[in-house]
Structures are given as C-alpha cells and as structure tokens.
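Enquirer: The following block contains the structure, expressed as structure tokens.
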Amino acid sequence: MQIERVVIAGGGLAGSRAAAELRAHGYAGQVTMLGAEPHPPYDRPPLSKKLMMGELDSTSLDTDAAALGLDLRLGEAATALDGRVVRSERGEYAFDRLIVVTGAGPVLLPGPGRQHVLRTVDDALEIRARLQKGTRVAIVGAGWIGAELATAAAARGCAVTVLEAAAAPAAAALGEAAGAMLVPWYAAAGVDLRLAQPVESVQDSGLALPGGGWLEADLIVTAVGVRPCTGWLDGSGVDLGNGIIVDSRLRASVPGVYAAGDCAAFWSGRYGRRLRVEHWDTALHSPNVAAANALGAEQDYDPVPYFWSEQFGRMVQYVGHHEREDRLIWRGDPAGERWAACWVSGTAGTDRLVAVLAVGRPRDMLQGRRAMVAGQAVDTARLADPDVPVRDAAVT
Ligand SMILES: Cc1cc2nc3c(=O)[nH]c(=O)nc-3n(C[C@H](O)[C@H](O)[C@H](O)COP(=O)(O)OP(=O)(O)OC[C@H]3O[C@@H](n4cnc5c(N)ncnc54)[C@H](O)[C@@H]3O)c2cc1C
C-alpha cells in the first residue's frame with residue numbers, strides 16, 4: 001500500500017521526533033501533527049530545573065515545521081479515532097498511518113482547593129511566578145518532579161514542605177532502601193520532608209490530612225504521578241491498558257496505528273514484560289522505531305531504559321529495570337556525595353547487572369548500561385568496590 005498521509009497525534013518531544021524521523025527515512029508524503037497545547041514542541045525536563053530556577057524562559061525544540069513540510073496544528077486535540085480517520089473539534093484527518101504520541105498528564109488529588117501541577121510550560125511559568133521568598137509551598141509527592149521543584153522552591157527562599165505517602169522518596173522507582181538515601185538531601189536544603197504522610201484532599205488554603213490533620217499552604221503542587229493521555233481512543237478498537245498496548249515494534253492492535261513515548265506500553269523481549277517508560281530518553285528514541293515501522297521496516301524497540309534527575313545539587317541517573325527481589329549492592333558510601341546502587345539478579349557466578357542508580361558517578365551509569373546491553377555476568381565483590389570501574393566487574 002502506498003503511504004501518502006501520516007497523522008501524528010501529540011505535539012511533544014515524541015511528536016517532534018516522529019515528524020523528523022519520517023522525513024529522515026525518506027518519506028515525502030503529507031504529515032499532519034495535532035498538538036493539544038498552543039505551543040510548538042518543547043522540552044519538559046528543564047521546566048522543573050533551569051526554567052524553574054529562572055535561568056531560562058523557553059525550552060522550545062528545534063522543530064522546523066516549514067523545513068519538514070509539516071502541517072502543524074497547534075491547540076487542536078485529537079478527540080476520536082474512527083476507522084482511518086482522526087477527529088478533532090476542528091476537523092477530520094484521514095490517514096494511512098497514525099503515530100500516537102499524546103504523552104501523559106498529571107494525576108490530581110480530591111478536593112476543591114487550587115492544586116497546581118507541573119507538566120506544561122504554562123504550568124511551570126505560573127508556579128515559578130509564585131515562588132516568592134517566604135511563600136509556604138506544599139508539594140505532594142517526593143518523586144522526581146516533587147524533588148526537583150522542592151530544590152528550586154527552596155533555592156528561591158520559599159518555606160517548602162514535601163508530603164510523601166510512601167516511607168521513602170522515589171520509592172516507586174528505587175524501592176525504600178535506595179530511596180531512603182535521598183532523605184538527608186531534603187533536610188540539608190531546608191525542606192521539611194514528611195514521609196508516610198498521605199493527603200486526604202486539597203482545600204482552599206491547605207491540605208487536609210488523615211485524622212483531622214491540616215497543613216496550611218500558600219501554594220500547593222500535586223506531583224503524585226501521571227497517567228497516559230489515551231481517553232480520546234476509548235471505543236476506537238485500539239487496545240488500551242496502562243497506556244496504548246503496542247507490540248515490540250510499537251504497533252497497536254489496530255493496523256496502521258503506532259505509539260511511542262510516554263503513552264506507549266510496549267512489549268520488551270529483554271525484560272519479558274510490558275513497559276511504559278515515562279522518560280525523555282524513550283520519547284527521544286522510540287519515535288524513530290515507530291516512524292521506520294510505519295513506513296514498512298520491522299524494527300524492535302527494546303531499550304535498557306534510562307533517566308536522570310537533578311535535585312539538591314546532585315546529578316542522579318538510573319539505568320535499567322529492577323524488581324523487588326533483585327539484590328542491592330552499594331558502590332561507595334550513600335551518605336557521601338558520589339555513590340551508586342547496583343541491582344543484580346541471579347546466583348553467584350551468574351549474577352547479571354539489571355540496574356544502576358548513579359549519584360554523581362556518570363561513568364558507572366554508562367558502563368553499567370553497556371554491561372546490561374551485553375548481558376554480561378558480573379563479579380559482585382568487584383562491583384561493590386567503587387575504585388573498580390563497573391566495566392572491570394564483568395566476568396569474562
Ligand atoms: C517537569 C518535568 C520534568 C521532567 N524531567 C525529566 C528528566 O529530568 N529526565 C527524564 O528522563 N524525563 C523527564 N521528564 C519526562 C519527559 O519530559 C517525558 O518523558 C517526555 O516529555 C515524554 O514525551 P512525549 O512526547 O511522549 O509526551 P509529552 O511530553 O507529554 O507530549 C505529549 C503532547 O501531546 C499533547 N496531547 C495530549 N493529548 C492529546 C490529544 N488528544 N491530541 C493532541 N495532542 C495531545 C500533550 O498536550 C503534549 O503536548 C520530565 C517531565 C516533566 C513534566
């Protein structure tokens with residue numbers, strides 16, 4: 001079948017990459033991109049970092065719609081998929097291939113009070129304008145975004161409280177043992193971190209806590225995670241679960257439909273399970289595979305996932321994927337400034353490195369990633385020695 005019309009639903013990083021990759025693969029037909037936001041594609045990671053600190057105001061990506069021959073429709077959300085047609089409130093777009101990159105949106109807490117979220121550049125600029133000296137800021141959630149926002153708010157002189165329902169920061173991603181090592185960072189920055197502290201609801205001037213508790217705040221930011229933006233596909237025939245269900249080639253259950261980035265729940269042969277990865281690296285690379293396959297290639301997308309966070313003056317990087325039963329090995333003193341946590345799976349002699357959390361040790365992350373891609377066995381005693389490069393812990 002001749003492919004003449006491609007629709008990209010979603011105008012973030014993955015959308016921008018999908019458009020560029022279609023052209024890079026030699027596709028010369030029509031490309032229409034529907035983006036719900038009024039802005040051309042932009043990068044989100046700086047929103048909670050440099051932009052929040054006041055070091056930059058725009059994070060626009062270099063998406064040259066004219067050079068790409070891109071029919072870019074901003075402020076126009078896809079509202080339905082009906083056969084081979086995407087509908088919006090303004091029009092209908094017939095397609096031969098559809099690449100869905102609608103990303104994810106923040107989860108909200110119950111309650112009538114004003115709760116800010118940090119997902120879009122408009123969210124970020126609005127929060128930043130309120131981070132005045134002495135402002136009482138309550139951040140719900142000590143995950144990556146909560147921690148980065150707390151960093152910026154404390155640096156701008158706010159009185160910051162972070163409430164976290166779990167027993168440690170970033171526990172969902174790291175587990176409690178590794179997450180616990182992040183706790184002192186909050187206190188050192190003057191942030192009041194309250195662990196095992198659920199929030200019942202957001203009220204006008206504060207947070208209602210279980211048992212009649214109350215936290216007064218001038219600014220409340222909810223940072224408790226995101227959900228994939230897939231509501232518009234309800235009833236379309238596209239299988240949905242925790243995201244758009246796609247196979248290892250990023251193909252959805254409806255022929256001609258592909259998904260990438262935050263909204264895609266792809267099958268990983270490497271991990272033998274479905275993954276939905278809400279990180280920049282996936283939004284950067286998965287659209288290449290979706291675009292190539294949409295044009296007839298047969299590539300698998302099966303990365304070793306990676307993300308980073310910049311919090312409390314530290315560069316935090318995590319690569320891989322670990323399960324609760326994997327064994328944790330420390331490299332260096334986690335009370336110090338430069339250390340890593342490695343997770344291994346298997347038994348002595350056949351241990352494989354499955355994940356690395358590197359704090360101020362980018363080489364550990366890079367070498368760990370290579371070891372994971374190669375699937376090499378590692379000597380755990382050498383891995384535990386921070387003076388031995390991770391690559392030299394491999395058993396040859
Ligand atoms: C504040 C912040 C900081 C971050 N920092 C890091 C970091 O340090 N490291 C890291 O690895 N990752 C980070 N991330 C995550 C990273 O930015 C995301 O993984 C990435 O943006 C995902 O790109 P995407 O294009 O898949 O989705 P998105 O960026 O969510 O883009 C999707 C776009 O589609 C639009 N859309 C939604 N529904 C529709 C529809 N029906 N029709 C048309 N358009 C629609 C959305 O409005 C949005 O503009 C951060 C995210 C945020 C919000």
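The values are calculated or read from the model by the stated rules, or taken from the named source; none is laboratory data. Small disclaimer: the values here were computed from a predicted structure and weren't measured. Note that each Cβ is placed from the backbone with ideal geometry, even for glycine, and that neighbours are counted across all protein chains shown.
Enquirer: Assess whether Arg130 counts as being on the phi < 0 side of the Ramachandran plot and within 12 Å of the ligand (Cβ to nearest atom).
Expert: No; evaluated as a whole, the condition is false for this residue.
Enquirer: With the checklist (1) surrounded by fewer than 20 Cβ atoms within 10 Å (Cβ to Cβ); (2) touching a Phe, Trp or Tyr at 6+ places or on another chain (Cβ under 7 Å) in hand, flag the one item Val183 doesn't pass.
Expert: For Val183, the exception is condition (2).
Enquirer: Here is a check on your reading of the model: is Leu233 of a type outside the set (Lys, Arg), crowded, with 23+ Cβ neighbours inside 10 Å and within 18 Å of Ser309 (Cα to Cα)?
Expert: Numbers: of a type outside the set (Lys, Arg): yes; crowded, with 23+ Cβ neighbours inside 10 Å: yes; within 18 Å of Ser309 (Cα to Cα): no.
Taking the combined requirement at face value, the residue does not satisfy it.
Enquirer: Also: Test Ser268 against the stated conditions and say whether it is more than 18 Å from the chain's Cα centre (by Cα) and either more than 15 Å from the ligand (Cβ to nearest atom) or among the β-branched types (Val, Ile, Thr) (or both).
Expert: Values: more than 18 Å from the chain's Cα centre (by Cα): no; either more than 15 Å from the ligand (Cβ to nearest atom) or among the β-branched types (Val, Ile, Thr) (or both): yes.
Judged against the criteria, Ser268 is not a match.
Enquirer: Something else now. Looking at (1) under 30 Å from Arg73 (Cα atoms); (2) buried (at least 17 other Cβ atoms within 10 Å of the Cβ), which is the one condition that is false for Leu108?
Expert: Exception for Leu108: condition (2).
Enquirer: When region 20-36 is examined, which residues are found to be touching a strand residue (DSSP E or B) at 6+ places or on another chain (Cβ under 7 Å) and near the ligand (Cβ under 9 Å from one of its atoms)?
Expert: Listed by number, the residues that qualify are Met33, Leu34, Gly35.
Enquirer: Right, something else. For region 126-152, how many residues meet the condition of being surrounded by 16 or more Cβ atoms within 10 Å (Cβ to Cβ) and either in a loop (DSSP other than H, G, I, E, B) or touching a Cys at 6+ places or on another chain (Cβ under 7 Å) (or both)?
Expert: Adding up the residues that qualify gives 6.
Enquirer: Return the residue satisfying two criteria in turn: it lies in region 4-19 and is in a strand (DSSP E or B) and under 12 Å from Tyr258 (Cβ atoms), and of such residues it is farthest from the ligand (Cβ to nearest atom).
Expert: Once the filter is applied, the top-ranked residue is Val6.
Enquirer: Can I ask one more? When you scan region 65-110, how many residues do you find that are in a strand (DSSP E or B), more than 24 Å from Glu21 (Cβ to Cβ) and away from the ligand (no atom under 11 Å from the Cβ)?
Expert: Qualifying residue count, region 65-110: 2.
Enquirer: Please verify whether Gly231 is more than 23 Å from Ala20 (Cβ to Cβ), more than 18 Å from the chain's Cα centre (by Cα), more than 9 Å from the ligand (Cβ to nearest atom) and modelled with pLDDT of 95 or more, treating the condition exactly as stated.
Expert: no
Enquirer: Could you pull out the residue among Val224, Val162 that is within 16 Å of the ligand (Cβ to nearest atom) and assigned to a loop (DSSP other than H, G, I, E, B)?
Expert: Being within 16 Å of the ligand (Cβ to nearest atom) and assigned to a loop (DSSP other than H, G, I, E, B) holds for just one of Val224, Val162, which is Val224.
Enquirer: When you look at Ala171, is it more than 19 Å from the chain's Cα centre (by Cα) and aliphatic (A, V, I, L, M), yes or no?
Expert: Details: more than 19 Å from the chain's Cα centre (by Cα): no; aliphatic (A, V, I, L, M): yes.
Criteria not met by Ala171.
Enquirer: Also, quick follow-up: Name the residue, out of Ala188, Ala178, Ala217, that is among the aliphatic types (A, V, I, L, M), surrounded by fewer than 18 Cβ atoms within 10 Å (Cβ to Cβ) and in the same structural domain as Gly143 (by TED's automatic domain parsing).
Expert: Going through Ala188, Ala178, Ala217 in turn, just one is among the aliphatic types (A, V, I, L, M), surrounded by fewer than 18 Cβ atoms within 10 Å (Cβ to Cβ) and in the same structural domain as Gly143 (by TED's automatic domain parsing): Ala188.
Enquirer: Hey, another quick one. Mind checking which residues of region 206-220 are assigned to a strand (DSSP E or B) and within 13 Å of Leu163 (Cα to Cα)? Break it down stepwise before answering.
Expert: To start, the set of residues in region 206-220 that are assigned to a strand (DSSP E or B) comprises 206-209, 213-216, 219-220.
Gly206, Leu207, Ala208, Leu209, Gly213, Trp214, Leu215, Glu216, Ile220 - these are the residues of region 206-220 that are assigned to a strand (DSSP E or B) and within 13 Å of Leu163 (Cα to Cα).
Enquirer: Another question, if that's okay. Pairs, please: C-beta under 6 Å, at least 6 apart or cross-chain, first residue within 16 Å of Asp192 (Cβ to Cβ) and in contact (Cβ under 8 Å) with a residue 40 or more places away in the chain and in region 143-156, second in a helix (DSSP H, G or I) and of a type in the set (S, T, N, Q)?
Expert: The qualifying pairs are Leu149/Ser48.
Enquirer: Can you tell me which condition Lys49 does not meet? The list is (1) more than 30 Å from Gly313 (Cβ to Cβ); (2) among the charged types (D, E, K, R); (3) in contact (Cβ under 8 Å) with a residue 60 or more places away in the chain, and all the others hold.
Expert: Of everything listed in (1) more than 30 Å from Gly313 (Cβ to Cβ); (2) among the charged types (D, E, K, R); (3) in contact (Cβ under 8 Å) with a residue 60 or more places away in the chain, Lys49 misses just condition (1).
Enquirer: A further question on this structure: Among Arg136, Arg128, Arg84, Arg114, which is the only one that is in the same structural domain as Arg17 (by TED's automatic domain parsing) and charged (D, E, K, R)? Can you show your working first?
Expert: Working: Arg136 fails: in the same structural domain as Arg17 (by TED's automatic domain parsing); Arg128 fails: in the same structural domain as Arg17 (by TED's automatic domain parsing); Arg114 fails: in the same structural domain as Arg17 (by TED's automatic domain parsing).
Exactly one residue qualifies, and that residue is Arg84.
Enquirer: Let me ask something else about it. Quick check on my filter: what residues within region 165-185 are within 16 Å of the ligand (Cβ to nearest atom) and on the phi > 0 side of the Ramachandran plot?
Expert: The one that is within 16 Å of the ligand (Cβ to nearest atom) and on the phi > 0 side of the Ramachandran plot: Ala170.
Enquirer: Check whether at least one residue in region 111-125 is buried (at least 16 other Cβ atoms within 10 Å of the Cβ), of a type in the set (Ser, Thr, Tyr), within 10 Å of the ligand (Cβ to nearest atom) and modelled with pLDDT of 95 or more, and report yes or no.
Expert: So far as region 111-125 goes, yes, one or more of its residues are buried (at least 16 other Cβ atoms within 10 Å of the Cβ), of a type in the set (Ser, Thr, Tyr), within 10 Å of the ligand (Cβ to nearest atom) and modelled with pLDDT of 95 or more.
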